[in-house]
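Have a look at the structure below, then the notes.
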Amino acid sequence: MDKPAIEGGEPIRNEFLPFGKPTIGEEEINEMVDTLKSGWLSMGPKTIKFEEAFKEYVGADYAISCNSCTMALFLSLYSLGIKPGDEVILPTTTFASAANVIVHLGAKPVFADVTRDTYNIDPDKIEEKITDKTKAIMPMHHSGHSADMDRILEIAQKHNLSVIEDAAHGVGSEYKGKKIGSISDATCFSFYATKTMTTGEGGMITTNNEELANKLRTLRLHGISSDAWKRYSDKGSWYYEVMDAGFKANMTDMQAALGLHQLKKLDGFIETRQKNAELYTKLLSDVPGIKTPTVKDDIKHSWYIYTILIDGLKINRDEVIKALRAENIGTSVHFIPLHLQPFFQKTYGYQKGDFPNAEYVYDRMISLPFFSHMTEKDIEDACSAIKRIVNYYKA
Ligand SMILES: Cc1ncc(COP(=O)(O)O)c(C=O)c1O
């Protein structure tokens with residue numbers, strides 16, 4: 001029998017295939033050099049240009065850039081009035097920062113279970129979590145597959161709740177023909193290094209609410225009047241007013257230099273990622289015990305990540321990850337459900353068993369190597385490694 005590398009066989013690849021990598025071209029490099037030479041490194045004309053281009057791309061009225069999606073989520077919740085004692089509902093299968101920002105506002109993160117097919121918040125599990133303290137729902141678009149926005153917005157409307165979308169995975173995704181970012185009160189994007197498009201670190205909030213947009217613009221830069229970033233330019237004034245106790249959460253022109261070109265390339269990235277996802281699915285769909293991603297009708301997946309569920313082997317998911325690592329295939333897990341994390345257990349009493357679907361998915365999920373410039377050979381290697389492990393360890 002073909003022995004996996006972890007059992008002493010030759011690894012499928014000699015060179016490590018990472019889980020994710022940014023795709024950066026000459027355009028980004030030249031724009032970055034231009035920025036460095038311009039003398040304007042922090043927030044400035046390129047940041048504003050990037051915001052303009054981004055709002056056009058998603059079809060929203062306003063776009064406000066930030067230094068991360070985490071701060072975008074924080075500022076959105078804060079601006080929508082989330083305060084101590086309030087509750088915000090979000091999926092347990094998400095990244096820690098989404099819940100952390102709720103905690104920092106003195107509010108309670110109320111987790112809800114996810115569906116086993118898309119790993120997104122299950123709308124059927126939202127209403128039972130609503131109390132008289134609930135102020136907002138924060139759905140996340142796992143992997144780039146939109147959450148069930150119609151159902152979520154209907155529940156929010158019925159109970160008079162705000163909806164803040166965590167679209168860290170969702171740049172370029174669509175729901176029923178509408179781009180994510182054009183639908184709810186506020187949508188927050190991430191441009192972290194491994195994301196579908198990147199600014200190294202960075203985030204963006206889109207909204208159609210002018211008042212909210214003005215508030216966010218002020219808050220992301222110390223709470224000072226919203227064009228204060230110009231104060232050192234020939235068009236600026238030394239005078240500014242502090243309108244609110246704001247934060248330091250602005251994007252810089254160095255980040256926007258990357259963002260401007262990444263945004264131009266985004267549709268091309270998504271097209272390639274769609275093809276990569278199709279190839280993975282073709283190669284893995286008849287492997288016993290592997291569940292390839294579900295894509296629902298009426299959505300356009302943007303394929304930030306490609307996550308499979310693996311089951312029916314003599315070894316568990318953690319051991320499969322180790323066996324893949326020995327084959328030189330990198331992976332990740334999105335995510336360890338937050339109700340299993342010590343902080344949320346200790347602070348709010350969550351415990352194992354609270355969210356059966358999230359735990360079912362977590363025990364089986366593996367995110368495979370996925371980035372815009374990966375080759376067919378990369379995908380074939382990852383699939384050969386999976387097949388080798390499945391054959392060797394099948395129960
Ligand atoms: C679902 C989710 N929300 C929020 C974030 C935070 O994004 P950022 O790193 O830009 O703050 C991430 C980051 O990976 C994420 O995956």
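The values are calculated or read from the model by the stated rules, or taken from the named source; none is laboratory data. Note that the structure is predicted; figures quoted are calculated from it, not measured. We place every Cβ from the backbone using ideal geometry, glycine too, and count neighbours over all the protein chains shown.
Taken together, the criteria exclude residue 259 from residues that are surrounded by 14 or more Cβ atoms within 10 Å (Cβ to Cβ) and assigned to a loop (DSSP other than H, G, I, E, B).
Taking the criterion of being within 26 Å of residue 110 (Cα to Cα) and more than 12 Å from the ligand (Cβ to nearest atom), the residues of the range 161-186 that qualify are 161, 162, 163, 173, 175, 180, 181, 182, 183, 184, 185, 186. A single entry from 156, 245, 193 fulfils the requirement of being of a type in the set (A, V, I, L, M) and within 20 Å of the chain's Cα centre (by Cα): 193. Report, ordered by the first and then the second residue, all pairs with beta carbons closer than 6 Å, sequence separation of six or more or different chains, a first member in the range 297-315 that is in the same structural domain as residue 332 (by TED's automatic domain parsing), and a second member that is of a type in the set (Phe, Trp, Tyr). If the second residue must be of a type in the set (Phe, Trp, Tyr), the pairs left are 299/175; 305/370; 306/280; 306/370; 313/393; 314/393; 315/393.
Scanning the range 265-283 for residues that are surrounded by fewer than 20 Cβ atoms within 10 Å (Cβ to Cβ) and within 17 Å of residue 192 (Cα to Cα) returns 265, 266. Checking the stated criteria, residue 321 turns out not to satisfy the condition of being farther than 26 Å from residue 111 by Cα, in a loop (DSSP other than H, G, I, E, B) and more than 16 Å from the ligand (Cβ to nearest atom). Scanning the range 149-157 finds no residues that are small (Gly, Ala, Ser), modelled with pLDDT of 95 or more and within 15 Å of the ligand (Cβ to nearest atom). For residue 271, the criteria (1) assigned by TED's automatic domain parsing to the domain that holds residue 105; (2) modelled with pLDDT of 95 or more hold in every case but one, which is (1).
Per-residue answers, yes or no, for (1) farther than 22 Å from residue 223 by Cα; (2) buried (at least 24 other Cβ atoms within 10 Å of the Cβ):
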position	(1), (2)
78	no, no
97	yes, no
106	no, no
115	yes, no
119	yes, yes
122	yes, no
